[in-house]
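Report on one structure; see the data block that follows.
The values are calculated or read from the model by the stated rules, or taken from the named source; none is laboratory data. None of the values given here were measured: they were computed from a predicted structure. Here the Cβ positions follow ideal geometry from the backbone for every residue, glycine too, while neighbour counts run over all protein chains shown. Protein only, heavy atoms only, side chains kept; ligands, DNA and RNA dropped before computing areas. Shrake-Rupley method; radii C 1.70, N 1.55, O 1.52, S 1.80 Å.
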Amino acid sequence: MKWNLEELTEDAVVSYLSANSNGDFDVYAAWDFNEPEYPCVIVHADATEPISEDAQWHDARMVNVAVAVITEAVDDTDANGNTIVSARQRNVNLRSAVLDLLNLTTLNTQLINQAIEDVAFSMAQVSNTERSVEDNPRRLITTISLEVIAEPVTGS
């Protein structure tokens with residue numbers, strides 16, 4: 001059995017978002033890029049835990065997935081320096097587009113449909129969002145948290 005449940009979960013979310021992004025943003029799996037191009041979305045599956053007290057390590061696990069929506073904190077301006085879209089509004093637009101893709105009652109089905117080998121999904125839902133700012137260079141970040149129940153497929 002492979003011990004890569006986090007990576008497989010990331011792969012499914014990245015595949016789904018990439019297939020439905022309309023080219024408006026790049027999507028990266030955590031630790032799978034050199035320097036991201038903005039605007040972008042970075043998917044990181046971090047903590048996993050058993051879904052029940054008597055579950056074994058190889059049973060279904062709750063996977064906490066952070067989907068970071070990142071835009072540069074620079075206004076889009078025309079040739080005369082007039083603001084076309086503010087940095088704040090660009091972040092709002094991208095966050096809304098990503099939330100529209102993730103905040104579905106069928107998100108679990110969408111992840112299953114990505115046909116990622118060696119993993120099965122039984123639940124996926126948005127749990128919360130959190131906004132932050134990163135300096136040097138300045139970026140606006142909205143982290144969308146997903147709760148996903150995933151299980152390694154036997155024989156993987």
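Could you list, in sequence order, all residues of the range 107-128 that are among the polar types (S, T, N, Q) and buried (at least 16 other Cβ atoms within 10 Å of the Cβ)? Give the steps one after another, and end with the answer.
From the range 107-128, those among the polar types (S, T, N, Q) are 108-110, 113-114, 122, 125, 127-128; that's our starting set.
Once the filter is applied, which keeps residues that are among the polar types (S, T, N, Q) and buried (at least 16 other Cβ atoms within 10 Å of the Cβ), the range 107-128 yields 108, 110, 114.
Give me the pairs, please: first residue somewhere in the range 33-62 and in contact (Cβ under 8 Å) with a residue 12 or more places away in the chain, second residue anywhere and open to solvent by 70 Å² or more (accessible area, probe 1.4 Å) and of a type outside the set (Asp, Glu), beta-carbon distance under 7 Å, and either six or more positions apart or on two chains.
What qualifies is 58/1; 60/51; 60/122; 61/51; 62/51.
Exactly one condition in (1) buried (at least 17 other Cβ atoms within 10 Å of the Cβ); (2) without any contact (Cβ under 8 Å) to a residue 12 or more places away in the chain; (3) of a type in the set (Val, Ile, Thr) is false for residue 83; which is it?
It fails just one condition, (1).
For residue 148, all conditions in the list (1) buried (at least 16 other Cβ atoms within 10 Å of the Cβ); (2) under 16 Å from the mean Cα position of the chain (by Cα); (3) within 25 Å of residue 23 (Cβ to Cβ) hold save one; what is the number of the exception?
(3)
How many residues, within the range 87-102, are at pLDDT below 95 and either of a type in the set (Gly, Ala, Ser) or within 22 Å of residue 62 (Cβ to Cβ) (or both)?
Adding up the residues that qualify gives 1.
What are the pairs with Cβ atoms under 9 angstrom where one residue, in the range 4-25, is within 16 Å of residue 61 (Cα to Cα) and the other, located anywhere, is basic (Lys, Arg)? Sequence gap at least six, or different chains.
Partner pairs satisfying both residue conditions: 5/61; 8/2.
Please count how many residues of the range 63-80 are in contact (Cβ under 8 Å) with a residue 40 or more places away in the chain and in a strand (DSSP E or B).
The number of residues fulfilling the criteria is 10.
Working only within the range 7-32, note down all residues that are open to solvent by 50 Å² or more (accessible area, probe 1.4 Å) and either under 12 Å from the mean Cα position of the chain (by Cα) or more than 23 Å from residue 90 (Cα to Cα) (or both).
Residues of the range 7-32 open to solvent by 50 Å² or more (accessible area, probe 1.4 Å): 7, 11, 18-20, 22-24, 26, 31-32.
Result: 7, 11, 18, 26, 31, 32.
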